[in-house]
Amino acid sequence: AGKVPMPAGPAGWFPPPVKLTAAGQAAAAALKMRPTSENPRLSCQITSIVVARVFDGTINRITQSANEIKMEYGAAPGLTRTVHMNMKAHPANVKPSRAGHSIGRWDGDTLVVDTVGFLPGTVAGNLPHSSKLHVVERFTLNPTTLELTRDIVAEDPEYFVDKYVDTDNVL
């Protein structure tokens, strides 16, 4: 009682964007059976940096200082990511979080952000990710249209057989 199977994922994710390992399939099945009260999306929480930018809540503010870039997502309770621009590697003792630990560098006019250190959770819907999730994003701004393009490659050796690869654009 109280458990309602959730859809497989956002519209268009049939089939899902990655093939899952046996552990990933078990985690996806568990997500489908969770009570609706445990679904973060139904309590207006940002579920994942992978889909947050266009699905959970757009980035409302980006601020840059000498050593970091902050990305503030969505409405309350929101999520803030800090991209450390003065680090070449992630520290060994990253405290896991929904946003993970991000380090960045410029590749010409493209911001490359490497993120690890996630709490286990869901990319979106019933697509799970483990604490081994590793996301690399490439943000490029078109100066004429002010369209920000993000190319994403996410790997999770515990739950994904292959890579999650996507691109999104926002104005």
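Run the numbers for V170 and S131: contour at 0.36 nm per residue of separation, minus the present Cα-Cα distance, in nm.
11.2 nm
Would you mind getting me the FRET efficiency between A66 and D162? Use the beta-carbon distance for r and R0 = 25 Å, nearest 0.05.
Given R0 = 25 Å and the Cβ-Cβ separation, E is 0.10.
Counting only the heavy atoms of the protein chains, how much of R105 is accessible to a 1.4 Å probe, in Å² to the nearest 10?
R105 has an accessible surface of roughly 130 Å² with all protein chains in place.
Can you give the accessible area per residue of the stretch 58-171, in Å², using a 1.4 Å probe?
53
What net charge do the residues around D107 carry, taking every other residue with its C-beta under 13 Å from that of D107, with Lys and Arg at +1 and Asp and Glu at -1?
Around D107, the charge tally is -2.
To make sure I understand the rule: partners must be lysines, Cα under 22 Å from the Cα of K95, and not fewer than 8 residues away in the same chain. Which ones qualify?
Straight-line reach from K95, under 22 Å: K70, K132.
The values are calculated or read from the model by the stated rules, or taken from the named source; none is laboratory data. For clarity, every value in this text was computed on a predicted model and none was experimentally measured. Cβ: placed from backbone, ideal geometry, glycine included. Neighbour counts: every protein chain shown. The accessibility values were calculated without ligands, DNA or RNA, using every heavy atom of the protein model including side chains. Shrake-Rupley method; radii C 1.70, N 1.55, O 1.52, S 1.80 Å.
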